[in-house]
Each structure stands twice: as structure tokens, then as C-alpha cells.
Amino acid sequence: MRRFLVYWLPPLAWMAAIFICSAQPDLPHAPEPLLDLLLKKAGHATAYGILAWLKLRLLLHYFGDRRALALLRFASVALTIAYALSDEYHQRFVPGRNGNLADVGVDALGACCAMLLNGWLTARRRTSRLLSFVR
């Protein structure tokens, strides 16, 4: 039960939150159309970046071989893109919304950026450990 709460519940809850937001017939609009577009795309990228990180965390728990980290990051992005595709398909049936493949691209970009950030932070942590060991 603890494993479910710690590793499975966060990505499932985040996916449910995305589903609920995408089921809304109309989202609030910013006063400027360009600002509205930028905020919505940034929201897409951020939400799916967080989802990719949560999925990576889950995958690392079950397949924790650090040597396969690049493969696990790829799997996390692939799973996130699959969910983004299903979410855009779901939006086709919500009144006032439409499915858009460009949004899947933004979602994929957010997931990839999250994995690049994860890689950079991991490398930075390793370097700082090595430097502290050498001193």
C-alpha cells in the first residue's frame, strides 16, 4: 500500500488533474490574445513536464538500474506523449474544445525539457560528489 501511495498515486493524481482541466468546456482567458496563448502553452509544457518527471520517478523505483537512466527517461517521455495524445483525443468530445496535435508537440517539449533538466541535475550532483570525494 505504501508503494502505491508513494510511487503510483502522484502520477495517477496528476493525470486525473490534467483530465479534469481538459474536460472544462471553456478556460479563463487572459486580456491579451498573445498572452493568453503563451500562458496556455506554458501551462501545457509545465503540466506535462511534471508528469514526465513523476513517471520517471515511478520507473526508477521499479527499474532502478542507474545505467539504464537514459532509456528510462526516453520511456517516461514516450508514456507522457501517449497520455498527451489520449488527452487531445478526449478534448475532441468536450463542447467548446478541440483536439490539437500542436498541443501534443508542446506537451512533448515540456516532457523533454523536464528530462533534460533531470539529466543536468543528476550530472551536477555526481560532479559535486566527486569533487567532495577528491578534497
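Report the residue count in the stretch 73-102 for those that are in contact (Cβ under 8 Å) with a residue 12 or more places away in the chain and among the polar types (S, T, N, Q).
Within the stretch 73-102, residues that are in contact (Cβ under 8 Å) with a residue 12 or more places away in the chain and among the polar types (S, T, N, Q) number 4.
I'm told MET115 meets every condition in (1) open to solvent by less than 40 Å² (accessible area, probe 1.4 Å); (2) in contact (Cβ under 8 Å) with a residue 12 or more places away in the chain; (3) over 12 Å from the mean Cα position of the chain (by Cα) except one. Can you identify the failing condition by its number?
The single condition MET115 does not satisfy is (3).
List every residue pair whose Cβ atoms lie under 6 Å apart, where the two residues are 6 or more positions apart in sequence or sit on different chains, the first residue falls within the stretch 15-41 and is of a type in the set (Lys, Arg), and the second residue, located anywhere, is at pLDDT 90 or above.
The qualifying pairs are LYS41/VAL106.
Scan the stretch 50-72 residue by residue and report those that are charged (D, E, K, R) and either touching a residue at least 60 places away in the same chain (Cβ under 8 Å) or within 19 Å of VAL106 (Cβ to Cβ) (or both). Talk me through it step by step, then tell me what you get.
Applying the first criterion (charged (D, E, K, R)) to the stretch 50-72 yields 55, 57, 65-67.
Hit for the stretch 50-72 is LYS55, nothing else.
The values are calculated or read from the model by the stated rules, or taken from the named source; none is laboratory data. Nothing here was measured: the structure is a model prediction, and the numbers come from that model. Ideal geometry is used to build each Cβ from the backbone, glycine not excepted, and the neighbour counts take in all protein chains shown. These accessible areas exclude ligands, DNA and RNA; they are computed on the full protein's heavy atoms, side chains included. Shrake-Rupley method; radii C 1.70, N 1.55, O 1.52, S 1.80 Å.
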